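Read through the structure below, which is laid out as structure tokens, and then see the notes.
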Amino acid sequence: MSQTVPCAIPVGSIRRGTVGWDYSNEHRSGKLNRNNYFEAGLDLLAEGGIPAQTIAHLCERLGITKGSFYHHFTSLNDFRQQLLAFWEAGQEAALGATSGDAAEWVAPATSPIDAAVRAWGQSDEAAAAAQGRVDALRLKVASKELRAAGVAADRARSLANLGLAILIGAQTGGAGWDRKTRRGLVEEYQRAVAAAVVEAKPAKPAARRKA
């Protein structure tokens, strides 16, 4: 039976708009809103990076005209800045709701959207700043959860940083890491977190023998 340990790197935001979402039904029913634009924008980012995230591609994906786009946003740059805020808010919400199994942290590493945002940050200051804030929050939440489980502060910070390093490595290609290698690193990290939690628990006093 597996042991539940603190989630040292919590999951990313869970959103309906995974890559390839079909927005046509919502458009026909007149339900499209700003969040639909953001979801489509993240999908395009994951599929082709920033070059794929254009007004024309957004309109094609959503089945709308450019006039509809400009009804919500003043420019492509305005859209991208608001998109980053949308993504960051989703990450913050997920981090605030996280709990449980340390294995859950692998979700952001395998998400093409979250990996694409990190890649975006390599060439865009605003994206890098948003990613930096999310990573800082990940470390804060991870350290707090580990401390709450009784792990000493220094070790909690080290484990949180180790988890984040694995996350970043997985999202950026990890020097050619394949799925098996990444899974092995995650499992090794799980064991390290579990061991730290077990070691932090005070030993139960031995029962006294009856005379």
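Consider I166 carefully, then state whether it is in a helix (DSSP H, G or I), over 18 Å from A93 (Cα atoms), modelled with pLDDT of 85 or more and of a type in the set (V, I, T). Taking the combined requirement at face value, the residue satisfies it. Taken over the stretch 72-88, the criterion of being among the small types (G, A, S) and farther than 22 Å from A115 by Cα is satisfied by S75 alone. Looking across T110, T98, T65, one residue alone is in contact with a Cys (Cβ under 6 Å, 6 or more places away or on another chain) and modelled with pLDDT under 95. It is T98. Scanning the stretch 169-208 for residues that are modelled with pLDDT under 85, buried (at least 16 other Cβ atoms within 10 Å of the Cβ), among the hydrophobic types (A, V, I, L, M, F, W, C) and farther than 27 Å from W120 by Cα yields no hits at all. Set side by side, the residues H57, H72 differ, and just one is modelled with pLDDT of 95 or more and closer than 18 Å to L42 by Cβ, which is H57.
The values are calculated or read from the model by the stated rules, or taken from the named source; none is laboratory data. Since we're looking at a predicted model, the values are computed, not measured. Note: ideal-geometry Cβ built from the backbone for every residue, glycine included; neighbour counts use all protein chains shown.
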